[in-house]
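Report on the structure given below.
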Amino acid sequence: MILTCRGPLARSNMLQVSGEILRRAGHRAAAAAPRPAITNWFLNRQHQLYSTESNVAVNNNDSAVPEPAPVSSAKEEMTPLVKHLHDMIKFSGPLSVAQYMRQALTNPLGGYYMQQQVFGARGDFVTSPEISQMFGELVGVWFMTNWMKLGTPNNVQLVELGPGRGTLMADMLRALRSFAAFQGVKYRVVFVEASPRLRNEQMATIVCDTGRIVAKEHRNQFDTLEHVKFADGLEVHWVENIVDIEHDDHTMLVAHEFFDALPVYKFKHVDGEWREIMVDVDESAESSHHFRYVLAPQKTNAVGTLIDATGRYNDLPEGATVEVSPESTGYMQRIGDLLTKTGGAALVVDYGNDHPAAASLRAIRDHQFTDLFSTPGQADLSVDVDFSLLKWALEKHDGVRAHGPTTQRHFLASLGIYDRMQALVQAAGADVAAQRVVRSAFNRLVSAKEMGTVYKCLAVTDARYDGVPVGFERADFPSLPASETMQR
């Protein structure tokens, strides 16, 4: 593995404490990755997310999604993963959309997350931590405020679900270490990550800021990384599932762009009842793809469990479509269990809305949208997160409370990102190009025309938490000068 750490500017001007929330000042001009071509798509389609207009197949001859761009009628290559999916369907019938997503993302025969370099500018999707470390450090400041509000416990575990390359956690650690009050705390990092390759990338990212490794543990025939101890005392643990977390330390948990990758089931309200949208083989000469959407001819178990039993979708009219993620509710309930057990706070940051999505599932390759059924395993799949479902999962959980969602713009503005941006510009001195990079990164994170309102933040606190977390006190936006938010 080639280890590439942040440049000198990234490691200088460490976070300081200032302002009414906590005293703070910023420190690096992070090179913003090339702007993905998908941002405007998010903004232009918000009005469609809960549309009752039918855009889903009602028989096996229609498409279940808006018409894709014209393609050649010659069938795409039958890759090992495509053949595996094809054989599964031929043997046992159409797959649920959730099954298709899971196979396309994680199957060892060629699932997307089994590939190399899926995160960052060279991957298919650029996330907020990859744009600027301002994001991760302000998340660290947010957890610092909650740690103080909960009585400054001495033992802390920093948990991240789906940590990618570990960039967000590295920036959070840098922020937390800058506070004198936190320097005497015994804390550990817990990454919830199944991929052996990504575990190694996460370790390499933490090494850049933490330094020499003094102990390392692996397990199983794949030599999977399980535990690392650094010379400064920091311990990093890896688990495959949140239920595998064994420690009872005060928990600070973050899930950034985690829920958008969890599989969804798709349903359509037809003739007074709900029917499941599924994935079948496509052997027609008109399409180059090997798969297509079809409508189940009768009620499936998923309809009974996810639609009828919950009662959440009773008011949706004829023709409505909806996506439901049972794995999301399961993870939220486990987050609630963990916070009830250990105390602490959790932060969920993702793109989505406070209501169900109708048809948000999409495939992204090379920062561009592609057909969902084109070469499965070679594109990232994601959905808009239904934050109302995440909150619903906690309604019967007496040990925790949910706050929000609020917009990423509001959240970061509440934590002082404008002041941070100004400090970074000042630190750039006479370097106009560096100043432009700082402003561009700031703009992408908070502008309503970029990620500022498409991305939402949801907080979860244990029942002992008094009041409302920073960034979730009110619905309106803190002031951000328009002249700054739109500058490049």
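Observations on the model:
- Of all residues in the stretch 411-427, those being aliphatic (A, V, I, L, M) and without any contact (Cβ under 8 Å) to a residue 24 or more places away in the chain number 1.
- Screening the stretch 190-205 for residues that are in contact with a helix residue (DSSP H, G or I) (Cβ under 9 Å, 6 or more places away or on another chain), of a type outside the set (A, V, I, L, M, F, W, C) and farther than 13 Å from L168 by Cα and picking the one that is modelled with the highest pLDDT gives E193.
- Of the residues F442, F387, F411, the single one that is of a type outside the set (D, E), surrounded by 22 or more Cβ atoms within 10 Å (Cβ to Cβ) and closer than 30 Å to R292 by Cα is F387.
- Answer from L253, L225 - the residue that is closer than 22 Å to S325 by Cα and either assigned to a strand (DSSP E or B) or touching an Asp or Glu at 6+ places or on another chain (Cβ under 6 Å) (or both): L253
- Test for H247: is it closer than 30 Å to T145 by Cα and in a loop (DSSP other than H, G, I, E, B): yes
- Criterion: more than 25 Å from P469 (Cβ to Cβ) and in a helix (DSSP H, G or I) - qualifying residue of G336, G319, G304, G330: G304
- When the residues of the stretch 384-400 are filtered to those that are of a type in the set (D, E) and not in a strand (DSSP E or B), the one that is farthest from the chain's Cα centre (by Cα) is D398.
- Failed item in (1) surrounded by 21 or more Cβ atoms within 10 Å (Cβ to Cβ); (2) of a type outside the set (S, T, N, Q); (3) not in a loop (DSSP other than H, G, I, E, B), with L372 passing the rest: (3)
- Tally of residues being surrounded by 17 or more Cβ atoms within 10 Å (Cβ to Cβ), assigned to a helix (DSSP H, G or I) and not aromatic (F, W, Y) across the stretch 89-102: 6
- Selection within the stretch 401-445: residues that are farther than 29 Å from R464 by Cβ and part of a loop (DSSP other than H, G, I, E, B). The member of this set that is modelled with the lowest pLDDT is A428.
- Of all the residues in the stretch 235-248, those that are exposed (fewer than 13 other Cβ atoms within 10 Å of the Cβ) and either modelled with pLDDT under 90 or in contact with a Cys (Cβ under 7 Å, 6 or more places away or on another chain) (or both) number 2.
- Among the residues listed as A363, A358, A320, A346, the single one being out of contact with any Cys (no Cβ under 8 Å at 6 or more places or on another chain), crowded, with 24+ Cβ neighbours inside 10 Å and among the hydrophobic types (A, V, I, L, M, F, W, C): A346
- Criterion: farther than 15 Å from E193 by Cβ, charged (D, E, K, R), outside any strand (DSSP E or B) and modelled with pLDDT of 85 or more - qualifying residue of D260, D232, D209: D260
- Whichever residue in the stretch 263-288 is surrounded by fewer than 20 Cβ atoms within 10 Å (Cβ to Cβ), charged (D, E, K, R) and assigned to a strand (DSSP E or B) and, among such residues, is modelled with the highest pLDDT: D280
A quick yes/no check of all residues on (1) under 22 Å from T370 (Cβ atoms); (2) at pLDDT below 90:
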position	(1), (2)
N55	yes, yes
N60	no, yes
P68	yes, yes
S72	yes, yes
V82	yes, no
D87	no, no
Y100	yes, no
A104	yes, no
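- Qualifying residue in the stretch 446-456 (condition: in contact with a helix residue (DSSP H, G or I) (Cβ under 8 Å, 6 or more places away or on another chain), in a helix (DSSP H, G or I) and modelled with pLDDT of 90 or more): yes
- Cross-chain or 6+ apart pairs with Cβ under 7 Å, the stretch 253-277 first and more than 22 Å from T407 (Cβ to Cβ), then of a type in the set (S, T, N, Q) and in a loop (DSSP other than H, G, I, E, B): P263/S325; V264/S325; E276/T300
The values are calculated or read from the model by the stated rules, or taken from the named source; none is laboratory data. All values reported here derive from a predicted model rather than from experimental measurement. All Cβ positions, even for glycine, are placed from backbone atoms using ideal geometry, and neighbour counts span all protein chains on display.
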